[in-house]
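To keep things clear, I will list the structure first and then write my remarks on it.
The values are calculated or read from the model by the stated rules, or taken from the named source; none is laboratory data. For clarity, every value in this text was computed on a predicted model and none was experimentally measured. Please note: Cβ atoms are built from the backbone with ideal geometry, for glycine as well, and neighbour counts cover all protein chains shown.
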Amino acid sequence: MDFIPVCEPLLAGNELKYVTDAVSTGWISSSGKYVAEFEKRFAAYCGCEFGVAVCNGTIALHLCLLALGIGEGDEVIVPDFTMIASAFAVCYTGARPVFVDADKDTWNIDVQRIEEKITPKTKAIMPVHIFGKMCDMDAIRKLADKYGLYVIEDAAEAHGAEYHGNKSGSCSDVAAFSFFANKNITTGEGGMVVTNDRKLYDKARYFKNVCFPLDGPRNYCHENIGFNYRMSNLVAAIGLAQVEKADEYREMRIRNHSLYRKWLDGCPGISFQSLPSEDCLDVSWMNTVVVSAGEYGHSKDELVAHLKENGIDTRLLFTGMHRQKSLKDFGCDCSGDYPVCDYLTGNGFYLPSGSGLSEKQIEYICNVIKTF
């Protein structure tokens, strides 16, 4: 079989039509109808009133933090098992990320371990919906209410995921999404802030556009340090086309995951992230497996090498935040043990997960794993 990449973008809608329109009309920068329409449609898809389109998901997180007024001397609780962008965004503000180990079944932040990390400096909790599975948002909100904290959803991997009927992005004060090329909805690069709070929306708009006044003429006198985080009309044109097919792409990812589970069922030593409860929807951004070498007969690294030999691309999982030299040098507390995160890092990896995978490709991948 031909080489199978770990994740290809699927551009099967009006992307070319909308981009061509933007180019032919000359609206290629951050002004233009596609930016506003993409913001409106994506926010509505998430069940939110407001959306702010930006350059990437890390920037979206930074804007969330800025809008909440988080800065030097503050602390934000983040999962230890996440992409480092979650922690970096906190560092950009001068605040410190504080790490919590993963739950052994869901791989999301262990809600039972959050409270012990809360201090008088804590200003927010940033749950990350790992691989498209939403965190226990009711429990997190309960803790946040108890201690007067903000909740920021890092929903970069969870477009269209649901928790008790509520879409990702709508279960917090403010949320951030990524539209990187491997995401369920993609613009190549890009991000979005979503919220139902008008004040947070206005602050995010203000800071993303070098702090130009939101109303009135531009006199080029800036009262605050701002950022040029604008999304171009060209990128937003792709995003709008993607949102139009968001539910279709979501179902493709869910189907892919169900096929992996079906064809790897009973394979010794191969395990998945736990299934969601009946009232939650996991959108399976990445199909991730953990290898128990004693049961499977080979280590994770041996299996990854074998898959590569058979034309199957993979990716390793995140290295825990407590093991990042950059964060330790920044002043983060990287002491303590994070056994779940370390286990996932040492034994897990991504299988091919693109929306456009065929059943034949997934069956082939599973057969290579089982016969090894």
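For every residue, the table says whether it meets (1) farther than 22 Å from ALA237 by Cβ; (2) touching a Ser or Thr at 6+ places or on another chain (Cβ under 8 Å); (3) not hydroxyl-bearing (Ser, Thr, Tyr).
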site	(1), (2), (3)
ALA158	yes, yes, yes
GLY165	yes, no, yes
GLY169	no, no, yes
VAL174	yes, yes, yes
THR186	no, no, no
GLY190	no, yes, yes
ASN196	yes, yes, yes
TYR206	yes, no, no
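Could you say which residue among PHE42, PHE99, PHE81 is part of a helix (DSSP H, G or I) and among the aromatic types (Phe, Trp, Tyr)?
Working: PHE99 fails: part of a helix (DSSP H, G or I); PHE81 fails: part of a helix (DSSP H, G or I).
After applying the criteria, what remains is PHE42.
Name the residue that is farthest from the chain's Cα centre (by Cα), counting only residues in the stretch 229-268 that are of a type in the set (D, E, K, R) and more than 30 Å from ALA36 (Cβ to Cβ). Break it down into steps so the answer makes sense when it comes.
Initially, the stretch 229-268 is screened for residues of a type in the set (D, E, K, R), giving 230, 244-245, 247-248, 250-251, 253, 255, 261-262, 265.
Checking which are more than 30 Å from ALA36 (Cβ to Cβ) leaves us with 255, 261-262, 265.
Values: ARG255: 20, ARG261: 22, LYS262: 26, ASP265: 27 Å.
Top of the filtered list is ASP265.
Quick check, is GLY160 under 12 Å from the mean Cα position of the chain (by Cα) and crowded, with 24+ Cβ neighbours inside 10 Å?
Details: under 12 Å from the mean Cα position of the chain (by Cα): yes; crowded, with 24+ Cβ neighbours inside 10 Å: no.
In short, no.
Looking only at residues in the stretch 339-372 that are of a type in the set (A, V, I, L, M, F, W, C) and within 15 Å of ARG261 (Cβ to Cβ), which one is surrounded by the fewest Cβ atoms within 10 Å (Cβ to Cβ)? Break it down into steps so the answer makes sense when it comes.
Initial filter on the stretch 339-372 (of a type in the set (A, V, I, L, M, F, W, C)): 340-341, 344, 349, 351, 357, 362, 365-366, 368-369, 372.
Now narrow it down to the ones that are within 15 Å of ARG261 (Cβ to Cβ): 351, 357, 362, 365-366, 369.
Values: LEU351: 25, LEU357: 24, ILE362: 24, ILE365: 25, CYS366: 20, ILE369: 23.
Ranking the qualifying residues of the stretch 339-372, first place goes to CYS366.
Considering (1) part of a strand (DSSP E or B); (2) surrounded by fewer than 14 Cβ atoms within 10 Å (Cβ to Cβ), say which one GLY294 fails and leave the rest.
Unmet condition: (1).
Hey, does the stretch 185-203 have a residue that's touching a Leu at 6+ places or on another chain (Cβ under 7 Å), surrounded by fewer than 21 Cβ atoms within 10 Å (Cβ to Cβ) and closer than 23 Å to CYS48 by Cα?
yes
Out of the residues in the stretch 1-27 meeting the condition of being touching a residue at least 12 places away in the same chain (Cβ under 8 Å) and over 16 Å from GLY239 (Cβ atoms), tell me which one is surrounded by the fewest Cβ atoms within 10 Å (Cβ to Cβ). Steps first, please.
Residues of the stretch 1-27 that are touching a residue at least 12 places away in the same chain (Cβ under 8 Å), as a first pass: 1-15, 17-19, 21-23, 27.
Imposing the further condition that a residue be over 16 Å from GLY239 (Cβ atoms) reduces the set to 1-8.
Details: MET1: 11, ASP2: 6, PHE3: 10, ILE4: 21, PRO5: 15, VAL6: 17, CYS7: 24, GLU8: 17.
Of everything passing the filter in the stretch 1-27, ASP2 is surrounded by the fewest Cβ atoms within 10 Å (Cβ to Cβ).
So how many residues does the stretch 126-163 have that are within 27 Å of TYR350 (Cα to Cα) and either part of a loop (DSSP other than H, G, I, E, B) or out of contact with any Phe, Trp or Tyr (no Cβ under 6 Å at 6 or more places or on another chain) (or both)? Let's see the steps before the verdict.
First, pick out the residues of the stretch 126-163 that are within 27 Å of TYR350 (Cα to Cα): 126-137, 152-163.
Retained after the next criterion (residues that are either part of a loop (DSSP other than H, G, I, E, B) or out of contact with any Phe, Trp or Tyr (no Cβ under 6 Å at 6 or more places or on another chain) (or both)): 126-129, 133-136, 152-163.
Qualifying residue count, the stretch 126-163: 20.
From the list VAL100, VAL76, which one is of a type in the set (A, V, I, L, M, F, W, C), free of Cβ contacts under 8 Å to residues at least 60 places away in the same chain and assigned by TED's automatic domain parsing to the domain that holds TYR206?
Numbers: VAL76 fails: free of Cβ contacts under 8 Å to residues at least 60 places away in the same chain.
The conditions single out VAL100.
Determine, yes or no, whether GLU153 is touching a residue at least 24 places away in the same chain (Cβ under 8 Å) and under 10 Å from the mean Cα position of the chain (by Cα).
Numbers: touching a residue at least 24 places away in the same chain (Cβ under 8 Å): yes; under 10 Å from the mean Cα position of the chain (by Cα): yes.
It is true that GLU153 is touching a residue at least 24 places away in the same chain (Cβ under 8 Å) and under 10 Å from the mean Cα position of the chain (by Cα).
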